[in-house]
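What follows draws every value from the coordinates through simple rules; no lab data is involved. Predicted, not measured: the structure shown is a model, and the values here were computed from it. In this analysis, Cβ positions are derived from the backbone assuming ideal geometry, glycine residues included, and neighbour counts consider all displayed protein chains.
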Amino acid sequence: MNNDELIAAGHELAKCLDNEPLLDIAKLLSKMATQLDVTTAALREKTKQCEQLAAENSALKSSRAVLAENTFEACNAIASAGFSHEAIMRGLYESTGDGNKYPKPITTLVDEAMRKLETPATDAFLREVRAQGVEMFADFCRKKGDVRAYCFFNDAALNAEEFAAELRKGGAA
């Protein structure tokens, strides 16, 4: 029972209160309550997923500021040490022979920032979206009406479903 059906059932219940036996009304109420519980649980899960995605988005945005600050500090330190602006801009100051004094070139700062950007909720969401797309393809294959092509499309659908399951696990990308 979806939400529209639940609403319609509620309206029917209101009409029936006077002329339906109490047991039928109780069964309908129980069915409606069960569906409402299922809908509420699904909504909570989606809300949790949205909160995780929002947190990851916030971390991604704040990482830009951290990267900019770290890069600015590194550039100032390198410039103070007498390295050329060209070396700073290219992130090549480690090649001047004083790499031990300044072991973090700009490219290393960027690499570190990128490594720290873990997005498990986003990754899981994208895996699910990809898997759903593959399942849509599997459904398309199953709906092909040509009897001669049935075996081919059925095999394609089975392979697509297997691929979708692998995508959800994080593989097959």
Lys, Arg +1 and Asp, Glu -1 on Cβ, resulting dipole of the stretch 119-173 about Cα centre, debye, nearest 20: 100 debye
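For Ala68 and Asp37, FRET efficiency with R0 = 41 Å and r from the beta-carbon atoms, rounded to 0.05? Could you put the intermediate results ahead of the total?
Numbers: r = 48 Å, r/R0 = 1.16.
Efficiency computed from Cβ-Cβ geometry: 0.30.
Greater than 29 Å separation of Cα atoms is the criterion. Which listed pairs, Lys27/Lys169; Lys46/Lys169; Lys31/Lys169; Lys27/Lys48, meet it?
Working: Lys27/Lys169 40 Å; Lys46/Lys169 19 Å; Lys31/Lys169 34 Å; Lys27/Lys48 32 Å.
Flagged as over cut-off: Lys27/Lys169; Lys31/Lys169; Lys27/Lys48.
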Rotationally averaged projected area of the stretch 119-173 (alpha carbon convex hull; nm²): 3.4 nm²
Full-stretch length increase - Leu23, Ser58 - with 0.36 nm per residue and alpha-carbon distance subtracted: 7.4 nm
